[in-house]
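Report on the structure given below.
Please treat every number below as a calculation from the coordinates, not as lab data. Model, not experiment: these values are computed from the prediction. All Cβ positions, glycine included, derive from the backbone under ideal geometry; neighbour counts span all protein chains shown.
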Amino acid sequence: MKRSTTLGVVGTALAVAVVLSACTSTGGAKEGAKSVDPAKATGTIRVLTPAYPASNEGKAAFQAVVDGFNKTYPHVKVEPDFATYATLNEKISTSIASGAGYDVLVTGVGWVQPFAAKNVFEDLGNHGVTKKTLGEKSTPALIPASTYKDKIYAWPLTADARAIGFRKSAFIKAGLDPKNPPTTFKGIKAAAEKLTERDAAGNITRPGFDFNTSPGNYRQAFVQLLAADGKDLYVNGKQNFDNKQGVETLNWMKSMINHVQPFGQQNAALKPMTYTNDAPMGFVGGSIDCSEAGVGQANCDDLGFFLLNNTREVEMVGGNLASVGANSKNKDLAWAFIKSMSSDAALEAMAKLNNQIPATANAADSAIVKSNALSKFVAKNLGRAIYEGGATNWLEVRTDFNSSVDDVLLGKRDAAEVLGELATKSR
Amino acid sequence: MTSPSTAVQAIPGAIVPTRRRKKRVTIGRVALYLVLTVGAFLMIAPFLWMILTAFKSELEVARFTWLPAVWRWDNFVGAMQTAPFLQYFRNSLVIAVGETAVTLAICTMAGYVLSSIPIRGGKFLLNYFITLLMVPFQIILVPLFLIVKSVPLFGGNDIFGQGGTGWLNSWWGLIVPLAAAPIFTFLARQFYVSLPSELADAARMDGVGEFGIFWRIMTPLVKPALITIAVFQIEAAWNGFLWPLMITTTDDLRPLQLGLAIFSQNPASIQWPYLMAGTALATLPMVLLFVFAQKQFVEGMANVGLKG
Amino acid sequence: MTTTLSKPSEVGVAQSPRPGRSGAAPRRRSSVVSRQKRAGWWMIAPALVQSVVFITVPTIAAILLAFTDYSFSGAPNFIGGANFVELFGDIRFRTALVNTVLYVLVVVPVSMAIALAVAIALNQKIRALGAFRTAYYIPVVTATVAVGTVWLWIFNSGSGLANGVLALFGLSPVGWLTDPNHALSSLMVVGIWQGLGAKMIIYLAALQGVSPQLVEAANLDGANRWQVFRFVTWPSLGPAQFFVLITSIVGTFQVFDLVYVTTKGGPGLATNVLVFDVYNNAFGSLRLGYASAETVIMMILIGGFIILGRRLQGANTHD
């Protein structure tokens, strides 16, 4: 057994070394901003991005950005790492642990505060970004999602908006006014009840309102509805959902589930059921493909859109945001690359690949927005944006939210109790 | 294995027969075919559904239809043209062949030692390999990444493994850490253990070296085992996703499953028909491999009579 | 883990490597044995080195991290057993524990029994043998991402195949994956379906080692099918049983892909299983230290189950 104990000792020592290297590598040296002539600047910048699919099309779009960047910085090499949102955290966490950080990181709304707090993102104030400059070029709606402790840590690239869609024909058939769809909790519920169809046994055959949600994901609907009831999920990093509105919202959702739509019902393609007229009303995304390859023009023409407005009118917005890595050795180059990524042409291409809209102040002018009625609608309303997240431990709380909201909707637990518990976890 | 001989004793008067039983169409046989057919259908039904879906349009997937209105063969073409799939196929092949070669070389030797050579701590070592099976890959992902990045003298690293990228973005990093998984050492051991030791003893008396006994006497007797190990390892390498994703960034190294993730994790919307078409094409080589490999099982191992 | 290591004999290594049974003189024999041992160490060394570097060291690192608060920000701080204390008050973990144990208790015996039955059936001389074997093996070779999705469609509460079949018999639809009372059972079905092929292959290969003479002899003696199975086939499957049992326990304990693709642990926590929870804690919540502690408990549990499984499997297959 001697041999194995020796092995054990060596192994332990190595493991300690691994753990130690993990500690030392997160520090990161801060370097002063040197202004180097772009034409002479050299180096490699590593870009982690889930915003471009790793398809030929996505890579070409990214290469176009690199080509533009290389016109100004001919000697700087750009190394993309095409990740997806499903594996983004694995990529970021191993890069933190190994000290091989990225120079540019594209993440989503909700990621900014946690990673800013972990010192993974750099304060963009170092590159002259203020709320004012951000608001002028990008959409002001995403400023809160990019802010941590009053500093800007991310530059919004594209916005992924969510609205409510409805079928005009179904409304007319049910005696509802398609020009004046309901927007309050009460109104939506009354309309949904009228629109729900059942078989003789009482099973729902056509849901009156489609949450477009799989089990474990009702959190997003809750955030959107809560905001429409006047409460943002977090305010200045503090929870803002353990209150009367939170309970009201959650209980309203519960009163809809298995009443106008079975819990967790989705179509096989996991797409909004209103697109294919399998539901007369429900949550939709921010872009729709009206071509024959998509849902077809006939479906598009029958669709109308509105925003939730119980006590205020809101539009839920997610999206892609770019940050500079706090450990980057080429922060200025990284920032320059983010500027290349956020040119109008680049954002147009990115938005198309993501089924989103550019997160720019003049989003309404972009061709992708003009291409379909849904994007036009959500772009027009970007000013009413609310977002999901805001706490430094949001990624952690999110998991608890998912299961707890399910428990309430399925009648297993009480709404107030669950929200109180989540509030405790949110610190 | 001493059990077969006890079995003989349990059946008094056992004599090795020469007559074969006549095959007749009996109710039992019909039932056997019936059950097997129903079972086989249940097993492949999801697979058939996958292939049907591969021919459908996006809208047909969303609305649920049995058969596609038009059989869209171009889904297969479209899926393969979405990314450099030919290269992904090649990369997966390299990884599968590399891992399997390493596994067959290392695990058979280790398995043989664990089953047949009385080294000290042999029991402990077997338990060691079994214990390693219990470690979920997800939890060692981060430390493993650090180790692979710190391989000395590779990828610009110094002798202490610092300064460069080690085995990241390399065939080494893709193949070596995942090859020779303990499960295959264990599997190899379980096959060698059923061989009678008399064979090895006889060879030893004839002056055959230990490696020769392993390589020329014992290993040829466990051919189905080697094929089983190879089939399992190739399949595992072929379907590998998380590790290649973590350590590669370029198409020169990325395997098939990362290509297929383009469809399932597309940021715009999941492309079901392409995902199913791509998966069907990716699965085809594995099915063919099995069709050929399974014939080998029939040929038998440790041939007849060895332990009688 | 410690459990297994401290009680190696119970994990059933059992058959000690057999010494040569040649009639040589003791002295010569001992030199043969030592030469044998030396060769043995050389032959096992590559596997040992590979496993130590790429599995054992990372595992030890993970075990050390279990006693820290490492969450990818700054240095890990040693916090003693705090993670373990927190785990036992963590409803997610407790539910995952119960779900996983239930999953293992159902999937392991059922899939082993079916796999053995199929293997025996497919070891006979029947028509279209290759086609049958391939059919039963196909679920194994198809990537879980795709088959998981197909099962999602089969279980789709609105337009899925499963409810379509129920409707044929006039039964009302079931929320296979959306009803917390059914979700775990539905996943068990998929788990059994998916794991069948690999076990069948092991059994098939092992069945080749069953001496046909013995079977014939037993048949001649008028042994019925059950007796042939019980006294001839079953005993010679020992090593295969040992392998299949252990890998099944480990594999089902570590069920992850399936849950990740289909239910993400929901509805509520109805299908939250251990590795999925570990993954969530490590990469969702970025609490690697906490996730490591969870893994340590899980590994101890797997060790316990293996010991238990060996006991239940009985003495005649102790190899």
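Take each residue in C:234-240, count the other chain C-beta atoms within 10 Å of its C-beta, and the mean is 5. Our analysis of segment C:216-285 gives Rg over Rh at 1.37, with the two radii drawn from alpha carbon positions and Rh computed by the Kirkwood formula.
Sparse packing (at most 12 other Cβ atoms within 10 Å of the Cβ) combined with a DSSP loop state is found for none of the chymotrypsin sites (Phe, Trp or Tyr not before Pro) in segment C:202-261.
Dividing the helix sum by the residues of chain B, where each DSSP H run of 4 or more adds -39500 (n - 2.57), gives a mean residue ellipticity at 222 nm of -20000 deg cm²/dmol. The Cα-based radius of gyration of segment A:174-282, divided by its Kirkwood radius, gives an Rg/Rh of 1.00.
Tell me which lysines have Cα within less than 18 Å of residue A:412's Cα, excluding those fewer than 8 residues away on the same chain? Here the lysines satisfying the reach criterion relative to residue A:412 are A:254.
Within a straight-line Cα-Cα reach of under 18 Å, residue C:264 can be paired with the following lysines, leaving aside sequence neighbours fewer than 8 residues apart in one chain: A:271.
Beta bridges per DSSP, both residues in the protein assembly as shown: antiparallel share near 70 percent. For segment A:249-384, a Kirkwood hydrodynamic radius built from all Cα pairs, placed in the Stokes-Einstein relation at 37 °C and 0.692 mPa s, yields a translational diffusion coefficient of 188 µm²/s. Each 5 Å bin from 0 upward holds the following percent of the Cα-Cα pairs of segment B:150-308: 2, 8, 11, 13, 13, 12, 11, 11, 9, 6, 3, 1, 0, 0. At each listed q (0.09, 0.14, 0.19 Å⁻¹), what is the log10 of I(q)/I(0) that the Debye formula gives for segment B:108-243 modelled as equal alpha-carbon point scatterers? Computed log10 I(q)/I(0) values: -0.38, -0.80, -1.09.
Screening chain A for whole DSSP H helices of 27 Å or more along their axis (Cα) with average Kyte-Doolittle hydropathy at least 0.0 returns A:2-24.
Helices in chain B that qualify as membrane-span-like (whole DSSP H runs, Cα extent of at least 18 Å along the helix axis, mean Kyte-Doolittle hydropathy of 0.0 or higher) are B:27-54, B:85-116, B:223-238, B:272-298.
A Gaussian network model of chain C, with springs between Cα atoms under 10 Å, assigns the largest mean-square fluctuation among C:204, C:187, C:161 to C:161. Looking at the protein assembly as shown, the pairs of alpha carbons with a distance over 52 Å make up 23% of the total. Spatial offset of segment B:71-149 relative to segment C:163-178 amounts to 40 Å, using the alpha carbon center of each.
Mean residue ellipticity at 222 nm, helices only, chain A: -12000 deg cm²/dmol; runs of at least 4 DSSP H residues each add -39,500 (n - 2.57), and the sum is divided by the number of residues. Which of the trypsin sites (Lys or Arg not before Pro) found in segment C:83-165 are in a DSSP loop and have at most 14 neighbouring Cβ atoms, other than their own, within 10 Å? Hits after loop and neighbour filter: C:125, C:127.
Entry note, chain C: the mean residue ellipticity at 222 nm calculated from DSSP H runs of n ≥ 4, each adding -39500 (n - 2.57), is -20000 deg cm²/dmol after division by the residues and rounding to the nearest 500.
P(r) for chain B, from all Cα pairs and a bin width of 20 Å, is 23, 48, 26, 3 %, short bins first. Have a look at A:190, A:269, A:361 and tell me which one the Gaussian network model of chain A (Cα, springs below 10 Å) gives the largest fluctuation. Most flexible of the set in this elastic network: A:269. Largest first, the three principal axis extents of the alpha carbons in segment B:180-232 are 36, 18, 16 Å in whole numbers. Would segment C:83-317 count as rounded, prolate or oblate if I go by the C-alpha gyration tensor, calling it rounded below 1.5 in a/c and otherwise prolate when a/b exceeds b/c, oblate otherwise? Because a/c hits 1.5 or more and a/b fails to exceed b/c, segment C:83-317 counts as oblate. Other residues with beta-carbon under 12 Å from the beta-carbon of residue A:282 carry, at +1 per Lys or Arg and -1 per Asp or Glu, a net charge of +2.
A cut-off of 5 Å between modelled amide H atoms, ignoring neighbours fewer than 5 places along the same chain, links residue A:385 with A:315. Between residue A:205 and residue A:298, the FRET efficiency estimated from the beta carbon spacing at R0 = 30 angstrom works out to 0.85. For chain A, the fraction of alpha-carbon pairs lying more than 40 Å apart is 24 percent, rounded to a whole number.
Enumerate by residue number the trypsin sites (Lys or Arg not before Pro) in segment A:108-170 meeting two conditions: DSSP loop (anything except H, G, I, E, B), and at most 16 other Cβ atoms within 10 Å of the site's Cβ. Answer in residue order: A:149.
Scanning chain A for GluC sites (Glu not before Pro) lying in DSSP loops with no more than 16 further Cβ atoms inside 10 Å, the longest uninterrupted stretch between such sites is A:32-291.
Over 27 Å apart at the Cα level, from the set A:149/A:380; A:149/B:149; A:329/B:149; A:59/A:339, are A:149/A:380; A:149/B:149.
Label zone of residue C:311 (point 7 Å out along Cα→Cβ, amide N under 20 Å): in segment C:105-119 this covers C:105-110. If you run the Gaussian network model on chain C, springs between alpha carbon atoms under 10 Å, then out of C:49, C:275, C:107 the most flexible one is C:49. Working from Cα pairs under 8 Å separated by at least six residues, relative contact order for segment B:82-298 is 29 percent.
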